[in-house]
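Some notes on the structure that comes next.
The values are calculated or read from the model by the stated rules, or taken from the named source; none is laboratory data. From a predicted model like this one, the values you see are computed outputs, not experimental measurements. Neighbour counts are summed over all protein chains in view; Cβ atoms, including those assigned to glycine, are modelled from backbone coordinates with ideal geometry. Each accessible area value is taken on the protein alone, full model and side chains, heavy atoms only, with ligands, DNA and RNA left out. Shrake-Rupley method; radii C 1.70, N 1.55, O 1.52, S 1.80 Å.
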Amino acid sequence: MTEPRRVELYDGLRGFAIVLVVLSHGWQLWPVAWIDSHAWVRPFFRNGNSGVTVFLVAAGFLMFSALTSRRELTRMRPDTALVRRLVRVGPTLWLFLVVAVVVSAVDGSAKAWHSDTSASVGHVLTYTWNWYVQGNLVTSRPDFGHLWYLSVDMQAFVVMAGFLYLLRRRPVGLLWALGAFYLVLLWWRFHAADTEFIFQVLVRTTVRMDPFVVGVIAAAALPQLRRPGITARALAWYAAVSLVALVPLLYLCDHDMPYLRWGGTVLEWEVALFLAAVALGGTSAFVQRVAGNRPVVLLGQTSLPLYIWHYPIFMFVERHTTGWSWQAVTVLGLAATAVTCVVADRLVDRPVTAFLRRPGWRDLDAGVPGWFAGRARPTLAQLRTRVDPEDAVRR
């Protein structure tokens, strides 16, 4: 299976995840009483937690792949990986924050938020937003609420980069250490769910980062899984079954407490199984049709701007459409989100992705001085055909 096709399947999986996240915030636009009263439809509209789990597992899986794709684990460069991560996420987030500050300064309906804007922006910029909202739920900006995920993701990235670096010379011990760390996080999630306020639990790094660790474990275990006894047909079957199994798991995870217990636990391993099976070459016509179709792949490729922009746009539209029918509010909210994300993708996301595909990044990872000096700039066609594992780490 070619690398571009594999990345497309990962993007397709994230495309489904971002749909779950966006639909879970649709209560700002449409009534949810009917949705909540019908168990057969509720899991598809109230399951943002499951979408976030998919993102975190994929992020951990692709992080390990990026750290070890250009050099062996013993010579990994976590500093370069962190810089790339900050460059990948930062510009799209910065654009949003600039627009949010400007809008809050002129939007009369948001006057109550102005006093807390500076503190909220500061914590979002430093990826400590989830820590801040735990103690400042009432005063923190509500339209930034969903950005807790970016903080958890970045913190998990830093923790696991350090973890992998410390154990880089012990590949077998690394898997055991990762497994032990995961079991501690799993125990803590169950304990916190039973003893603490649900909102604080859902935004706490130590509760939400175990999917990231599962992704790292799956990627680190790939060399042990590449065995002659595992055929391409078996791998394709594993990928297809894990993909189909995600649907019933949504029904298990559509409430917070089941998700925080066994629902989320099974879900993260199902996602890891799919990623590992695809990485080993397991695919089929069914998997290609479901996870590799163009619309969901495009959604996955633009999942970062979609994640950042949709919720505040929903809130803005809801505030300014009092008295409108929910159908009109829904159309306006979705249309405004689509247009904004297309603009953000073209102005920021695509140039950043192209910048990260420049060959000089490989020299930086290898420790070569003057990594951008004396290099001819690649053409747009060359950039489009070049695939780098780190490029796949999108939201």
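Laid out as a table, the results:
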quantity	calculated
Residues being under 12 Å from Q28 (Cα atoms) and either in contact with a Phe, Trp or Tyr (Cβ under 8 Å, 6 or more places away or on another chain) or not in a helix (DSSP H, G or I) (or both) - total across the range 333-349	1
Test for V133: is it open to solvent by less than 30 Å² (accessible area, probe 1.4 Å), in contact with a helix residue (DSSP H, G or I) (Cβ under 6 Å, 6 or more places away or on another chain) and not small (G, A, S)	no
The one condition in (1) at pLDDT below 95; (2) more than 25 Å from Y132 (Cβ to Cβ); (3) buried (at least 18 other Cβ atoms within 10 Å of the Cβ) that L202 fails to fulfil	(2)
The listed residue being surrounded by 12 or more Cβ atoms within 10 Å (Cβ to Cβ) and modelled with pLDDT under 85, out of L356, L334	L356
Selection count where residues are part of a helix (DSSP H, G or I), closer than 18 Å to A218 by Cβ and open to solvent by less than 50 Å² (accessible area, probe 1.4 Å), scope the range 159-174	6
Filter result for R319 (over 21 Å from the mean Cα position of the chain (by Cα) and on the phi < 0 side of the Ramachandran plot)	yes
Wholly enclosed helices (runs of 4 or more DSSP H) of the range 1-90 bearing at least 3 residues under 23 Å from L125 (Cα atoms)	3-24, 48-69
Test: V87 is open to solvent by less than 10 Å² (accessible area, probe 1.4 Å), in contact (Cβ under 8 Å) with a residue 40 or more places away in the chain and among the aliphatic types (A, V, I, L, M)	no
Subset of the range 259-290 [surrounded by fewer than 23 Cβ atoms within 10 Å (Cβ to Cβ) and acidic (D, E)]	E270
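Listed here are the residues, each with its yes/no results for (1) surrounded by 14 or more Cβ atoms within 10 Å (Cβ to Cβ); (2) hydroxyl-bearing (S, T, Y); (3) without any contact (Cβ under 8 Å) to a residue 24 or more places away in the chain.
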| site | (1), (2), (3) |
| --- | --- |
| L95 | yes, no, no |
| V101 | yes, no, yes |
| T126 | no, yes, yes |
| D143 | yes, no, no |
| L150 | yes, no, no |
| A156 | yes, no, no |
